[in-house]
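The values are calculated or read from the model by the stated rules, or taken from the named source; none is laboratory data. Keep in mind the model is a prediction, meaning the values are calculated, not measured. Note that each Cβ is placed from the backbone with ideal geometry, even for glycine, and that neighbours are counted across all protein chains shown. Just so you know, the surface numbers come from the protein's heavy atoms only, side chains and all, with ligands and any DNA or RNA stripped out. Shrake-Rupley method; radii C 1.70, N 1.55, O 1.52, S 1.80 Å.
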Amino acid sequence: MHKIAVISGDGIGKEVMEATINVLNGLNLDFKFNYGKAGDECKKDCGEALPKETLELIKNSDVCLFGAAGETAAEVI
């Protein structure tokens, strides 16, 4: 099983990530998707553009898919 951290981010990142997940699911491979938050919307909700929980999720995954983020998150990432 391949553990994939999915960070959709903001704006169009959400749409891009949805399409990406659909393609990956069509491959019939053993993926486990774990979702985390990052971006300007995340900063608005929890006070950080890239929370520690998201970093831990990424560290404990085989790969990270990142959609898109606004200016605040891009500065941190």
> Quick one: how many residues across the stretch 47-65 are open to solvent by 70 Å² or more (accessible area, probe 1.4 Å) and assigned to a loop (DSSP other than H, G, I, E, B)?
Replying inline: 3
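I'd like to know if the stretch 55-72 contains one or more residues that are hydroxyl-bearing (S, T, Y) and at pLDDT below 90.
Filtering the stretch 55-72 for residues hydroxyl-bearing (S, T, Y) gives 61, 72.
Add one more test, that the residue is at pLDDT below 90, and what stays is 72.
Yes, that holds for at least one residue.
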>> So in the stretch 27-46, with the set limited to residues that are hydrophobic (A, V, I, L, M, F, W, C) and in a helix (DSSP H, G or I), which one is least open to solvent (accessible area, probe 1.4 Å)?
In response: C42
> Can you find even one residue in the stretch 42-56 that is touching a residue at least 40 places away in the same chain (Cβ under 8 Å) and within 10 Å of the chain's Cα centre (by Cα)?
Replying inline: yes
> When the residues of the stretch 1-18 are filtered to those that are open to solvent by less than 100 Å² (accessible area, probe 1.4 Å) and β-branched (V, I, T), which remaining residue is nearest to F31 (Cα to Cα)?
Replying inline: I4
>> Which numbered condition in (1) surrounded by 15 or more Cβ atoms within 10 Å (Cβ to Cβ); (2) within 22 Å of E56 (Cα to Cα); (3) free of Cβ contacts under 8 Å to residues at least 60 places away in the same chain is the only one that L24 fails?
In response: (2)
>> Can you tell me how many residues within the stretch 1-38 are of a type in the set (A, V, I, L, M), within 15 Å of the chain's Cα centre (by Cα) and farther than 12 Å from L65 by Cβ?
In response: 1
> Of all residues in the stretch 27-46, how many are touching a helix residue (DSSP H, G or I) at 6+ places or on another chain (Cβ under 8 Å) and more than 15 Å from S61 (Cβ to Cβ)?
Replying inline: 4
